[in-house]
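All remarks here apply to the structure that follows.
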Amino acid sequence: MHRYLSGLCSLVIFLFPLPGAEAAGLDELLTVEEIVERAVERSEAQIRAEVEAKFTARITTRIMGLDGDGKVTSTEKLLYSKYPLYGALYEELIEKEGRPLTGKEAKQEQKKRDEFIKEVKQRISEGKHPQPEDERRVTFNREFMARYKTTLVGTEDLRGYSCWVVYFEPKEGKLPVKRRMDEALNRSTGRIWVSQEDYGLVRAEFEMREPLRYLD
């Protein structure tokens with residue numbers, strides 16, 4: 001029997017003013033392509049300015065294990081807190097299935113955090129960027145959005161921001177795969193909420209529509 005992975009990820013990003021960020025003209029008629037392009041420009045500017053490494057976010061992941069016939073064999077909902085740590089971003093597991101971690105789980109998470117700090121300090125001592133490599137990391141940039149076609153599906157107020165809501169789905173044809181995560185993203189659809197004030201990404205959700213086999 002094969003095991004498959006399918007799931008949903010919801011990322012909430014807390015927005016903060018970015019120096020030089022262009023303000024959106026609410027009376028300006030924009031295509032969905034223009035909205036996404038300006039949101040990507042804003043995000044990449046934040047990355048260059050390392051703004052992301054100064055604030056926190058919450059990530060909810062819902063994972064379903066499927067057998068070879070597509071039958072759900074297990075489900076798991078996880079909540080992570082993403083926050084800066086020694087100049088890098090760390091994702092700390094804080095809840096499982098809506099409950100706090102048990103003592104054993106908390107100790108395991110503390111061990112992971114200690115190992116992360118050790119690696120970050122080692123990278124700093126070697127003159128490298130403090131953020132460790134992580135093939136699972138998803139970054140909202142041109143490379144991420146290039147695999148999708150987009151549709152503007154409406155507007156919505158979210159966390160105090162008036163947002164455009166953009167639906168995305170994979171383009172037809174063969175999509176690039178540079179790492180294991182790309183295989184999952186190429187099977188995913190989702191939505192992004194873009195602030196009408198300054199094109200900041202307020203929220204992103206993506207869901208795997210096709211299961212990904214990860215273990216025989």
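The values are calculated or read from the model by the stated rules, or taken from the named source; none is laboratory data. Treat the numbers as computed from the prediction; the structure is a model and nothing was measured. Counting neighbours? That spans all protein chains shown, and the Cβs are built from the backbone with ideal geometry, glycine included.
Restrict the check to the stretch 117-131 and report whether at least one residue is more than 30 Å from residue 34 (Cβ to Cβ) and either in contact with a helix residue (DSSP H, G or I) (Cβ under 6 Å, 6 or more places away or on another chain) or touching a residue at least 60 places away in the same chain (Cβ under 8 Å) (or both). Yes, because at least one residue in the stretch 117-131 is more than 30 Å from residue 34 (Cβ to Cβ) and either in contact with a helix residue (DSSP H, G or I) (Cβ under 6 Å, 6 or more places away or on another chain) or touching a residue at least 60 places away in the same chain (Cβ under 8 Å) (or both). Across the stretch 170-197, the qualifying residues are those that are among the acidic types (Asp, Glu) and without any contact (Cβ under 8 Å) to a residue 40 or more places away in the chain, and the one among them that is farthest from residue 63 (Cα to Cα) is 172. Assessment of the stretch 104-118 against the conditions (in contact with a Leu (Cβ under 7 Å, 6 or more places away or on another chain) and assigned to a loop (DSSP other than H, G, I, E, B)) yields no matching residue. Restricting to the stretch 40-57, and then to whatever is crowded, with 16+ Cβ neighbours inside 10 Å and in contact with a Lys or Arg (Cβ under 7 Å, 6 or more places away or on another chain), can you tell me which residue is modelled with the lowest pLDDT? Here the answer is 57.
Is it true that residue 144 is surrounded by fewer than 19 Cβ atoms within 10 Å (Cβ to Cβ) and either under 19 Å from residue 43 (Cα atoms) or touching a residue at least 60 places away in the same chain (Cβ under 8 Å) (or both)? Criteria met by residue 144.
Could you grab me the full set of residues in the stretch 122-141 that are at pLDDT 85 or above, within 19 Å of the chain's Cα centre (by Cα) and surrounded by fewer than 16 Cβ atoms within 10 Å (Cβ to Cβ)? Scanning the stretch 122-141 gives a single hit, 141. Just so you know, in the stretch 158-207 the residues that are more than 14 Å from residue 140 (Cβ to Cβ) and touching a helix residue (DSSP H, G or I) at 6+ places or on another chain (Cβ under 6 Å) include one that is modelled with the highest pLDDT, and it is 164. Confirm whether residue 177 is more than 25 Å from residue 75 (Cβ to Cβ) and part of a loop (DSSP other than H, G, I, E, B). So residue 177 passes the test. With respect to residue 186, is the statement that it is farther than 26 Å from residue 48 by Cβ, among the polar types (S, T, N, Q) and surrounded by 13 or more Cβ atoms within 10 Å (Cβ to Cβ) true? Yes. Name, by its number, the condition in (1) more than 18 Å from residue 36 (Cα to Cα); (2) touching a strand residue (DSSP E or B) at 6+ places or on another chain (Cβ under 7 Å); (3) free of Cβ contacts under 8 Å to residues at least 24 places away in the same chain that does not hold for residue 149. Going through the list (1) more than 18 Å from residue 36 (Cα to Cα); (2) touching a strand residue (DSSP E or B) at 6+ places or on another chain (Cβ under 7 Å); (3) free of Cβ contacts under 8 Å to residues at least 24 places away in the same chain, residue 149 breaks only (1).
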